[in-house]
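Visitor: Sharing a structure here in structure tokens format.
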Amino acid sequence: MGGEGPTDASDPVSLLICDDHKVLTDALSMVIERQAGFRLVSPPVHDPARAIVLCGEHHPDVVLMDLEFKGDSMGGLDATRRIKDISPTTRVVVMTAHRDERLLVDAVEAGASAFLGKDEPADEVLRNLRAAAEGEALVDPETLSRLLHQVTLEREERREIQAVFASLTDREWEVLRGLALGKRNDDIAAELFISPQTVQTHIRNVLGKLNVHSKLEAVALAVRHRQIEI
């Protein structure tokens, strides 16, 4: 029965598909229904919230989960976390069209057991679904360790940058936004009802806090870290 740990090799793998690409899910369903080793617990669903409910009811061995859904649906990573909460032994295999190593890390951290591209041939998808149901590790530990280290460093750098931007005063933010819009010091001064010399003081403070050497660098840093949109 699904949800009680790795399946016996002779048992059919109970499976739920959650993806809002109907052509893809219909094709996968046809392939899977012809396989003696698999059993769909329900027709494919196109809403992660519905997948969570079905996992609570059926505790499938494996969920094949898309990452991105149209409209207001929650994302596949959030759904994966919820599924692992209510059905811990269900293995989630994430499927996506994006080949982004950071997504692999995010998926593993959310509780996914495997990461498949949508261009994988059907026999490879089936092989990975069976392997996930049997509890095999489908992510190379060395690769994952390298990526986790890389992502950890990037996240730490992002936290440090966010802390630096958080140290800017309201007035310094106003000046920085003016610079991002291409305004001259005199224009910023007139808009903020302060002197050009005061604007220059705020700019020096911004450059010092951000540890950059020019107004252009300050704006580029803010845009790159999504502190300002232009």
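The values are calculated or read from the model by the stated rules, or taken from the named source; none is laboratory data. Quantities reported herein were computed from a predicted structural model and do not represent experimental measurements. Because the Cβ atoms are built from the backbone with ideal geometry, glycine has one as well, and the counts that use them run over all protein chains shown.
Visitor: Kindly establish whether Thr90 is under 24 Å from Glu154 (Cα atoms) and not acidic (Asp, Glu).
Guide: no
Visitor: Any idea how many residues of segment 119-145 are among the charged types (D, E, K, R), modelled with pLDDT under 80 and either farther than 30 Å from Ile17 by Cα or not in a helix (DSSP H, G or I) (or both)?
Guide: Count: 2.
Visitor: So, one more: I'd like to know if segment 23-38 contains one or more residues that are farther than 27 Å from Thr152 by Cα, among the acidic types (Asp, Glu) and touching a Phe, Trp or Tyr at 6+ places or on another chain (Cβ under 7 Å).
Guide: no
Visitor: Same structure again: Among the residues that make up segment 96-107, is at least one of them at pLDDT 85 or above and not hydrophobic (A, V, I, L, M, F, W, C)?
Guide: no
Visitor: Hey, among Leu221, Leu192, which residue is in contact (Cβ under 8 Å) with a residue 24 or more places away in the chain and of a type outside the set (S, T, N, Q)?
Guide: Going through Leu221, Leu192 in turn, just one is in contact (Cβ under 8 Å) with a residue 24 or more places away in the chain and of a type outside the set (S, T, N, Q): Leu221.
Visitor: In segment 195-230, which residue that is β-branched (Val, Ile, Thr), under 28 Å from the mean Cα position of the chain (by Cα) and assigned to a helix (DSSP H, G or I) is modelled with the lowest pLDDT?
Guide: Top of the filtered list is Val223.
Visitor: Another one. Based on what the data block shows, is Pro43 modelled with pLDDT of 90 or more and either exposed (fewer than 13 other Cβ atoms within 10 Å of the Cβ) or among the small types (Gly, Ala, Ser) (or both)?
Guide: yes
Visitor: Being at pLDDT 95 or above and outside any helix (DSSP H, G or I) is the filter here, so list the residues in segment 158-182 that pass it.
Guide: Correct list: Ser167, Leu168, Thr169.
Visitor: Look through segment 101-122, keep the residues that are acidic (Asp, Glu) and in contact with a helix residue (DSSP H, G or I) (Cβ under 9 Å, 6 or more places away or on another chain), and return whichever of them is surrounded by the most Cβ atoms within 10 Å (Cβ to Cβ).
Guide: My answer is Asp106.
Visitor: Let me ask something else. Hey, could you check segment 9-25 for residues that are of a type in the set (Ser, Thr, Tyr) and not in a helix (DSSP H, G or I) and say which is modelled with the highest pLDDT?
Guide: Ser14
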